[in-house]
1. Tell me, what is the percent relative contact order of region 255-313, built from C-alpha pairs under 8 Å that lie six or more residues apart?
2. Give me the accessible area of Phe615, 1.4 Å probe, in Å² rounded to the nearest 10.
3. Quick query: amide H of Lys72 versus all other amide H atoms, modeled in the peptide plane; which residues come in under 5 Å with a sequence gap of 5 or more or a different chain?
4. Convert each backbone phi in region 566-572 into a coupling constant with the Karplus relation 6.51 cos²θ - 1.76 cosθ + 1.60 (shift: θ = phi - 60°), then list the ³J(HN,Hα) values in order as whole Hz, x for Gly and Pro.
5. Give me the one-decimal nm value for the distance between modelled label points at Glu600 and Ser420, 7 Å along each residue's Cα-to-Cβ direction.
6. Could you derive backbone 3J(HN,Hα) for region 97-103 from the dihedral phi with the Karplus parameters 6.51, -1.76 and 1.60 (θ = phi - 60°), listing whole Hz in sequence and x where the residue is Gly or Pro?
7. By how many nm would the segment from Thr235 to Ala496 grow when fully extended, if each residue of separation counts as 0.36 nm and the alpha-carbon distance is taken off?
8. How much accessible area does Arg607 have with a 1.4 Å probe, in Å² rounded to the nearest 10?
Amino acid sequence: MYPFTRRPDRSLQRNSRPRKLTFSLRDEWFGEKHAGGANAVVVCGEKSVWTGGRDGTVREWVVGGGDSNIQKCVSSTEAHAGWVNSLVALGTGGGDFFVSGGSDRAVKCWRKTNTSTDPLQCVATLVRHTDYVTKIARGSESDPASPKFVSTGLGADQVYLWDVGCFGKTKNPIAQFTGQTNSAYASGVCANCHTIVTGDNKGVVRRFDSRAPHQKPGEFTGHTGTVRTLSVDPTGRLCLTGSSDGTLRLWDLGQGRCVQVLSGVHRGSVWSAAPDANWRSVVSGGADGAAYVTDLVKRRSQLLFSEKNGIVDLQYAGEGNSDASVPGRITVWSATSGCEINRWSKRVAEDDEIGGLASPGSSLRAKTARLSVGSNRNAPDQHGGWFAAGTGGASPGRRSSFSSPGLQGLKPRTNGAVKSFCIQGTAPVVEHQTLPDRRRVLCRDTDGGLALWDVTQFKVLERWEPDCDDSPEAAAASYGPADTESKEHDASEETAASSQFETVFARLKTPVPISVPSWFTVDSRGGFLSVTLTPSAAFQAEAYACEFSNEANHETKINHGVQTIHALFRSWLVKRKATARNDCDVGDDVEGHRNETEKEFDINSVRVCDDAHVFQTPKVPTDFWSPIFSFEPPEPEYDPASYGRGKQNQCVIFLEGKRMTGTRDEENLLPEWVVDVLHTRFKVPDAGKIGFFVTEDETESEGGNSTSSNSTTKYVGTGKTFSSGKVTAPRVLTIKKVAAYVVGKLQITLAGDVLPEQVVTICCDGQTLDPGFSLATVKTHFWRKSTDLALTFRVTDAVARETRDGSGADSA
């Protein structure tokens with residue numbers, strides 16, 4: 001594992017099983033935009049917004065400036081190997097520390113450094129969760145206990161309380177709470193983190209006391225669907241929940257009961273909710289894309305705006321719940337299930353107005369009038385006015401915006417709200433397929449755009465945009481006439497995009513059959529392509545070097561996995577050797593390669609584990625982009641004190657190619673087999689072989705002459721009969737080499753410009769084979785049997801005629 005140093009790190013050992021290596025294929029714009037949007041928004045002051053994306057990154061955005069509508073990503077941090085499901089800020093001012101939870105089961109604490117190279121420094125990685133981390137909840141920013149936070153996740157008893165101040169001594173939680181029998185999808189805490197409330201997938205709300213973590217929690221029932229959002233007031237007395245049953249509920253935790261049921265507001269599931277500082281109103285967003293503000297005192301709601309996708313997170317802009325310069329104006333940030341993060345602002349109606357009418361007061365007639373606003377199904381659209389919440393009927397705003405069949409497909413109504421800022425992400429990859437050559441991967445994004453990636457060149461070879469022209473040629477090679485003004489992708493559009501993907505994939509397949517073993521796997525859950533290599537599969541594919549280099553002969557073979565690893569780490573390897581020499585911490589291996597750059601490189605003399613320089617090092621087209629490597633950390637040294645605890649969860653390590661400096665620590669972190677390949681010490685497994693037989697074709701030859709085995713000597717005119725037993729050869733052996741083998745066996749003398757495949761035709765199962773086919777291709781597409789491959793040969797008619805003429809002259 002440690003070829004560059006004489007003193008290996010004894011605190012680490014080789015893993016009991018080889019670790020995988022994953023590298024990402026990302027477009028140039030990845031450093032400037034989220035791939036697929038964000039799940040969490042954190043507002044830090046007036047000009048800074050942090051987001052946790054579904055691409056696994058945490059980013060900082062600058063808000064305002066000369067043109068406030070222009071997005072600017074000032075930093076991007078690789079946070080999780082999967083979605084960032086939750087992100088919160090801790091410390092004074094809400095920006096000293098950040099805590100994130102992701103789909104990789106990890107909770108990470110970050111310290112803001114205010115540097116451009118490393119904007120966030122990971123100070124702790126907590127891996128106690130057994131499944132996805134769903135929510136991070138913190139106390140009040142002004143409370144001294146703000147460094148404490150709670151993390152919840154999928155599974156039973158996955159509720160933990162953490163203290164940031166203890167991370168220097170231990171990575172263990174303060175408490176793990178028992179009694180959470182189902183997966184918690186939402187959580188909230190009071191200011192001092194004494195009261196912890198969770199909501200699970202069965203609709204049950206539970207209240208825990210951090211001072212008694214093993215005490216049975218209090219349970220509150222009422223929701224009939226999964227609790228998607230939950231907030232607790234600073235005192236720990238009130239709790240607001242939103243559920244997939246379409247209702248908002250206000251709970252009095254002290255009394256242990258539900259005091260308000262706000263139904264009839266959202267069309268479907270409630271995904272997010274944000275109470276104001278005084279808990280007098282709440283802004284909620286749902287799967288229908290509509291955001292409402294609800295007056296908890298008067299139990300009335302008003303439509304703020306509507307997105308084209310579901311709203312997964314809502315946060316008030318700035319410190320308060322409204323713009324201080326304009327009384328009654330609400331400004332919120334909205335993160336959607338699509339690719340947008342928007343800031344909306346709206347001036348709501350005055351307190352004495354309901355639906356634009358004067359308030360009828362508090363008499364019985366007034367209460368009846370307020371309730372009738374929400375119960376009258378024939379009421380006209382109030383254009384942003386209040387309607388009664390909690391009546392169980394459909395709200396006027398909801399009916400007018402979504403219920404009418406004639407309004408389907410129109411742009412979402414803003415209802416007077418102004419979108420003052422938009423952070424636009426890019427369409428994530430949702431479908432991919434590897435081509436038979438096992439080098440190219442075709443992928444499709446949610447907008448219908450297609451891209452063809454080359455795994456060994458680390459770049460896009462070709463693109464097909466969804467908004468192409470309507471020419472027949474373009475229609476045959478791209479998505480077709482996409483409706484760019486449509487704001488919704490219905491089922492028919494999705495079906496058309498998938499059908500077009502299959503059409504392009506079929507067209508990109510090579511016109512001739514090909515068979516290459518699978519040597520990598522591809523994943524697109526992060527919205528981009530991630531390629532994973534394992535030592536058990538990465539070295540299965542071979543090829544002739546002459547396919548990639550004009551200087552290579554026809555005998556030199558290369559291994560796809562070996563050359564890909566060398567190309568990815570070629571720059572790092574140079575830095576590592578230089579660092580080892582400067583630190584005087586080198587072994588004979590480094591000293592022996594001191595003048596390797598001065599040696600004349602000969603591709604035909606490389607060994608199977610050497611760098612043949614057939615694949616180029618990934619180029620960095622922008623300052624934001626470079627290869628990102630991810631892998632599990634090495635196993636620590638055995639600790640007898642940990643016996644009986646079981647194997648602990650391990651978090652994925654990220655290394656960015658352009659920031660790797662060739663240090664010893666980086667060498668210790670990389671998978672051992674990768675370092676061995678770079679040092680050309682890895683024992684590459686022998687390539688797969690295929691056994692085959694070659695016999696003379698007993699059928700009629702190309703010239704109509706009989707070519708039975710009894711006439712072989714006379715037919716060929718060499719005085720030799722062909723006899724061959726079973727032959728074993730590499731899978732990549734081409735048919736032209738089989739033809740050369742037959743020509744050698746028959747001792748046919750070839751002219752200088754005559755090739756063996758021009759003299760001998762190789763057939764399989766009655767079909768003539770292309771000289772460029774490999775044995776693997778023939779066995780997969782022509783033989784199709786588990787037995788050894790059976791090949792036949794025929795001497796071409798020109799050679800047979802020349803042989804017959806020569807024989808006749810000799811006999812005469």
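The values are calculated or read from the model by the stated rules, or taken from the named source; none is laboratory data. Everything numeric in this text was worked out from a predicted model, so none of it was measured. Please note: Cβ atoms are built from the backbone with ideal geometry, for glycine as well, and neighbour counts cover all protein chains shown. Remember, those area values only see protein heavy atoms, side chains included, never the ligands or the DNA or RNA. Shrake-Rupley method; radii C 1.70, N 1.55, O 1.52, S 1.80 Å.
1. Details: 116 pairs, mean separation 17.2, N = 59.
This gives 29 percent for region 255-313.
2. Counting only protein heavy atoms, the figure is 10 Å².
3. The answer is Val62.
4. So the Karplus estimates, Gly and Pro as x, are 4, 5, 5, 10, 4, 5, 5 Hz.
5. About 7.1 nm, to one decimal.
6. Per-residue couplings from phi come out as 10, 10, 10, 10, x, x, 6 Hz.
7. Values: separation 261, 0.36 × 261 = 93.96 nm, distance 5.32 nm.
Residue separation times 0.36 nm, minus the Cα-Cα distance, leaves 88.6 nm.
8. Number for this one is 150 Å².
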